[in-house]
Amino acid sequence: MYMDGPILQFMDKLASGSPEPGGGAACALASAIGAALVSMVANLTVGKEKYSDVQDRIAGLLESAESVRRNLQELVQKDTEVYGVLSKAFKMPRETGEEKSSRKKAIQEALLDATMVPYQIAENALEVARLSELAAEIGNVNAVSDAGVAVLLADAGAQSAALNVKINLASIEDKAFADEKWSAIEDILSNTAGLKNRVLKTTYEKLG
């Protein structure tokens with residue numbers, strides 16, 4: 001489990017010639033770091049008298065940020081696992097007609113899973129961006145720059161996940177599925193980009 005080991009071990013494996021972990025795991029980790037920064041802003045606001053009027057909202061923000069962080073940390077590992085299944089499917093024998101049929105079916109099934117993991121990463125990255133906005137608005141002003149970093153990581157995570165969705169959709173024969181998922185991804189990217197712009201505006205205004 002990558003998230004149970006040292007970050008340097010993950011980075012070394014990422015930099016190696018191994019096909020996994022790859023871009024999907026990297027964008028999940030980036031988004032998870034964004035969620036962790038939202039949690040940091042919340043923790044730096046909890047119990048502060050200056051922010052007594054938003055303590056309930058901050059508690060909710062912290063709970064949500066930790067939930068999405070856990071989701072993304074799980075997706076770091078999940079992305080490597082679905083890639084492994086897809087890789088095995090491509091290596092299946094294809095000498096006979098029956099083997100070719102079995103291989104094709106396995107590849108298509110694996111492609112669906114390989115698409116849905118980065119799709120879920122994109123969904124969670126959007127949630128990190130939403131939480132970043134609240135962190136920037138009501139969180140400790142001394143940590144507002146961290147809310148800005150969080151939304152930038154969330155946007156990068158969503159865009160990176162979209163690339164991984166796109167490359168798998170190109171090989172999926174179920175065009176209705178492909179069209180539906182890509183349309184949803186475009187909505188996610190649009191919403192995340194809008195949040196990024198708003199949060200950065202708020203961040204720079206509070207920085208003075």
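The values are calculated or read from the model by the stated rules, or taken from the named source; none is laboratory data. The model shown is predicted, which means the values in this text are computed figures rather than measured ones. Every residue, glycine among them, receives a Cβ derived from its backbone with ideal geometry; neighbour counts consider all protein chains shown.
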Problem set entry | Tally of residues being closer than 20 Å to residue 36 by Cβ and of a type in the set (Val, Ile, Thr) across the range 145-201 | 4
Problem set entry | Members of the range 52-89 found to be in contact with a helix residue (DSSP H, G or I) (Cβ under 7 Å, 6 or more places away or on another chain) and over 15 Å from residue 3 (Cβ atoms), listed by number | 54, 57, 58, 61, 62, 64, 65, 82, 83, 85, 86, 89
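Answer yes if at least one residue in the range 173-187 is closer than 14 Å to residue 27 by Cα and not aromatic (Phe, Trp, Tyr), and no otherwise.
no
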Seminar exercise, completed: Within the range 25-68, the residues that are crowded, with 24+ Cβ neighbours inside 10 Å, more than 27 Å from residue 115 (Cβ to Cβ) and of a type in the set (Ser, Thr, Tyr) are 45
Problem set entry | Residue identified as modelled with pLDDT of 95 or more, over 30 Å from residue 49 (Cα atoms) and among the basic types (Lys, Arg) among 88, 105, 100 | 105
Exercise. Scanning the range 94-133 for residues that are over 9 Å from the mean Cα position of the chain (by Cα) and of a type in the set (Ser, Thr, Tyr), which turns out farthest from residue 29 (Cα to Cα)?
Worked result: 96
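Is it the case that the range 177-200 has a residue that's at pLDDT below 95 and more than 16 Å from residue 76 (Cα to Cα)?
no
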Seminar exercise, completed: In the range 160-177, anything free of Cβ contacts under 8 Å to residues at least 40 places away in the same chain and of a type outside the set (Val, Ile, Thr) is listed as 166, 170, 175, 176
Exercise. Conditions: (1) over 30 Å from residue 142 (Cα atoms); (2) hydroxyl-bearing (Ser, Thr, Tyr); (3) buried (at least 18 other Cβ atoms within 10 Å of the Cβ). Residue 16 meets all but one. Number of the miss?
Worked result: (3)
Exercise. Given 67, 31, which one is hydroxyl-bearing (Ser, Thr, Tyr) and more than 18 Å from residue 146 (Cα to Cα)?
Worked result: 67
Exercise. Has the range 20-32 got at least one residue that is part of a helix (DSSP H, G or I), touching a residue at least 60 places away in the same chain (Cβ under 8 Å) and closer than 26 Å to residue 141 by Cα?
Worked result: yes
Problem set entry | Extreme residue, surrounded by the most Cβ atoms within 10 Å (Cβ to Cβ), among residues of the range 69-93 that are of a type in the set (A, V, I, L, M, F, W, C) and within 16 Å of the chain's Cα centre (by Cα) | 72
For this session: With respect to residue 116, determine if the residue is surrounded by 14 or more Cβ atoms within 10 Å (Cβ to Cβ), out of contact with any strand residue (DSSP E or B) (no Cβ under 7 Å at 6 or more places or on another chain) and in a loop (DSSP other than H, G, I, E, B).
Result: no
